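Colleague: Structure below; questions to follow.
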């Protein structure tokens with residue numbers, strides 16, 4: 001019964017993260033996409049089994065710096081040079097140790 005309750009709570013929390021209520025995208029134009037994404041940070045998830053030292057080496061190679069670790073999702077918020085989001089997403093995505101890299105979309109609560 002405890003496992004079921006914990007699973008239910010975790011599911012609700014995950015849904016709240018995926019579908020947040022009352023959020024509006026804050027328009028930030030990086031010149032490449034006309035969209036609402038952070039121009040100085042991206043989200044990166046490494047493939048399973050990649051060690052912290054290997055992650056640090058990838059960031060060093062690609063010019064990123066970990067700003068925050070979202071351990072519940074296994075995702076890192078990575079600082080990059082401003083205006084280079086699309087370029088860095090492509091570079092990280094092409095790396096063999098990276099599962100995915102994506103924009104960090106901005107939102108404001110109403």
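Colleague: Can you find, within region 93-110, the residue that is nearest to the chain's Cα centre (by Cα) among those that are modelled with pLDDT under 95 and assigned to a loop (DSSP other than H, G, I, E, B)?
Modeller: 106
Colleague: Okay, moving on. Take the residues in region 75-92 that are touching a strand residue (DSSP E or B) at 6+ places or on another chain (Cβ under 6 Å) and part of a helix (DSSP H, G or I), then tell me which one is surrounded by the most Cβ atoms within 10 Å (Cβ to Cβ).
Modeller: Residue satisfying both the conditions and the ranking: 92.
Colleague: Here's another thing I want to ask about it. Return the total of residues in region 42-60 being without any contact (Cβ under 8 Å) to a residue 24 or more places away in the chain and either surrounded by 12 or more Cβ atoms within 10 Å (Cβ to Cβ) or within 16 Å of residue 87 (Cα to Cα) (or both).
Modeller: Matching residues across region 42-60 total 4.
Colleague: Could you tell me whether region 78-93 includes any residue that is touching a helix residue (DSSP H, G or I) at 6+ places or on another chain (Cβ under 9 Å) and more than 18 Å from residue 37 (Cα to Cα)?
Modeller: For region 78-93, residues touching a helix residue (DSSP H, G or I) at 6+ places or on another chain (Cβ under 9 Å) and more than 18 Å from residue 37 (Cα to Cα): absent.
Colleague: Now, a different point. Can you give me the number of residues within region 32-62 that are farther than 17 Å from residue 103 by Cβ and in a loop (DSSP other than H, G, I, E, B)?
Modeller: Count: 5.
Colleague: Taking the conditions exactly as written (modelled with pLDDT of 95 or more and touching a helix residue (DSSP H, G or I) at 6+ places or on another chain (Cβ under 8 Å)), does residue 61 satisfy them or not?
Modeller: No.
The values are calculated or read from the model by the stated rules, or taken from the named source; none is laboratory data. Only a predicted model underlies this, so the values are computations on that prediction, with no experimental measurement involved. Please note: Cβ atoms are built from the backbone with ideal geometry, for glycine as well, and neighbour counts cover all protein chains shown.
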